[in-house]
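Notes for the one structure printed next.
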Amino acid sequence: MNNNQQMSTPQTQDKLKLSAEQKYAEELQRLQEHDQKRKPQGWQLSAYAVRDFILGNPQLDIQKKFYGDDALVDRALVTLMGNQGLMLVGQPGTAKSMLSELFSAAISGNSQLTVQGTAGTTEDHIKYSWNYALLLSEGPTDKSLIPSPIYFAMQQGKLARFEEITRCPPEIQDVLVSLLSEKQMMIPEMGQDFSVSAQHGFNLIATANLRDRGVHEMSAALKRRFN
């Protein structure tokens, strides 16, 4: 199969847009089979293989997907291997979202744990909400809780994506401060000590475009949680 052909299944062939892990499933599988480097805890590929997935490897027939500053990919990988979240900032149309999707697909095998930042984004979108019918009948339980994408990412040790973070009001942005520093999400409704602890592999990639910078400036505390 050449670079222009895509792996298709009955589940994917009718979709208008495939996720990165679906579109490049064959490449990811080939990289996994040849990956002999050490993988960070929670990653499905080593940093070397993730770099090859994004920047290409002709020997393995892996196409180049990001045409920009290769050193940016290296710096992003170093950040994701550490304790800081990754912030991709730039003008609209400079492939920030595409790059975050590629990182998530290669590292976690799932690029769809995404929060879309808007003026209407609430704390529920970042943490969790409730099925109120079940909440009234059964009380706060795992069954009545509706996890956010970030909740799932922490629970499963995956990368979460936060698109256009600076479109959110500052008080909503700052919900992330404790999540990124403590790597825990408290759920007081289910008991004083009930919480979700992030598993190895969890991290956050946020994007912000320069035209939105003046709309909602990020707090200094949140900026320190990102590179």
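So for the range 179-197 (the condition being surrounded by fewer than 18 Cβ atoms within 10 Å (Cβ to Cβ), without any contact (Cβ under 8 Å) to a residue 24 or more places away in the chain, of a type in the set (S, T, N, Q) and within 18 Å of Met87 (Cα to Cα)), does at least one residue qualify?
No: the range 179-197 contains no residue that is surrounded by fewer than 18 Cβ atoms within 10 Å (Cβ to Cβ), without any contact (Cβ under 8 Å) to a residue 24 or more places away in the chain, of a type in the set (S, T, N, Q) and within 18 Å of Met87 (Cα to Cα).
Output yes when any residue across the range 35-51 is among the polar types (S, T, N, Q), surrounded by 14 or more Cβ atoms within 10 Å (Cβ to Cβ) and either more than 20 Å from the chain's Cα centre (by Cα) or at pLDDT 95 or above (or both), and no when none is.
Taking the range 35-51 and keeping what is among the polar types (S, T, N, Q), we get 36, 41, 44, 46.
Filter again for surrounded by 14 or more Cβ atoms within 10 Å (Cβ to Cβ), leaving 44, 46.
From what is left, the residues that are either more than 20 Å from the chain's Cα centre (by Cα) or at pLDDT 95 or above (or both) are 44, 46.
Yes, the range 35-51 contains a residue that is among the polar types (S, T, N, Q), surrounded by 14 or more Cβ atoms within 10 Å (Cβ to Cβ) and either more than 20 Å from the chain's Cα centre (by Cα) or at pLDDT 95 or above (or both).
Would you point out which residue out of Thr141, Thr122, Thr114 is modelled with pLDDT under 95 and at negative phi? Give the derivation first.
Numbers: Thr122 fails: modelled with pLDDT under 95; Thr114 fails: modelled with pLDDT under 95.
Every option except Thr141 fails the conditions.
Against the definition (more than 27 Å from Gly90 (Cα to Cα), out of contact with any helix residue (DSSP H, G or I) (no Cβ under 8 Å at 6 or more places or on another chain) and not charged (D, E, K, R)), how does Leu135 come out, yes or no? Don't jump to the end; show me each part of the working.
Working: more than 27 Å from Gly90 (Cα to Cα): yes; out of contact with any helix residue (DSSP H, G or I) (no Cβ under 8 Å at 6 or more places or on another chain): yes; not charged (D, E, K, R): yes.
Yes.
Assess whether Tyr128 counts as being out of contact with any Gly (no Cβ under 9 Å at 6 or more places or on another chain), touching a residue at least 40 places away in the same chain (Cβ under 8 Å), of a type in the set (Phe, Trp, Tyr) and closer than 21 Å to His200 by Cβ.
Spelling it out, it is not the case that Tyr128 is out of contact with any Gly (no Cβ under 9 Å at 6 or more places or on another chain), touching a residue at least 40 places away in the same chain (Cβ under 8 Å), of a type in the set (Phe, Trp, Tyr) and closer than 21 Å to His200 by Cβ.
Please name all residue pairs, on different chains or six or more residues apart, with Cβ atoms under 9 Å, provided the first residue is in the range 78-92 and is closer than 15 Å to Gly42 by Cα and the second residue is in a loop (DSSP other than H, G, I, E, B) and hydrophobic (A, V, I, L, M, F, W, C).
Leu80/Trp43; Met81/Trp43
From (1) at pLDDT below 95; (2) assigned to a loop (DSSP other than H, G, I, E, B), pick out the condition that doesn't hold for Gly201.
(1)
Out of (1) at positive phi; (2) touching a residue at least 24 places away in the same chain (Cβ under 8 Å); (3) surrounded by 16 or more Cβ atoms within 10 Å (Cβ to Cβ), what's the single condition that is false for Gly56?
Among (1) at positive phi; (2) touching a residue at least 24 places away in the same chain (Cβ under 8 Å); (3) surrounded by 16 or more Cβ atoms within 10 Å (Cβ to Cβ), Gly56 violates only (2).
Please enumerate the residues belonging to the range 209-227 that are open to solvent by less than 70 Å² (accessible area, probe 1.4 Å) and more than 24 Å from Ala47 (Cα to Cα). Full working, then the answer.
Taking the range 209-227 first, the residues open to solvent by less than 70 Å² (accessible area, probe 1.4 Å) are 209-210, 212, 216, 218-222, 225-226.
Asn209, Leu210, Asp212, His216, Met218, Ser219, Ala220, Ala221, Leu222 - these are the residues of the range 209-227 that are open to solvent by less than 70 Å² (accessible area, probe 1.4 Å) and more than 24 Å from Ala47 (Cα to Cα).
May I ask you to say which residue of Thr79, Thr94 is surrounded by 15 or more Cβ atoms within 10 Å (Cβ to Cβ), over 25 Å from Leu18 (Cα atoms) and not acidic (Asp, Glu)? Spell out the reasoning first.
Values: Thr94 fails: over 25 Å from Leu18 (Cα atoms).
Being surrounded by 15 or more Cβ atoms within 10 Å (Cβ to Cβ), over 25 Å from Leu18 (Cα atoms) and not acidic (Asp, Glu) holds for just one of Thr79, Thr94, which is Thr79.
The values are calculated or read from the model by the stated rules, or taken from the named source; none is laboratory data. These numbers were taken from a predicted model, which means no experiment stands behind them. Glycine gets a Cβ as well: all are built from the backbone with ideal geometry, and neighbour counts include every protein chain shown. The accessibility values were calculated without ligands, DNA or RNA, using every heavy atom of the protein model including side chains. Shrake-Rupley method; radii C 1.70, N 1.55, O 1.52, S 1.80 Å.
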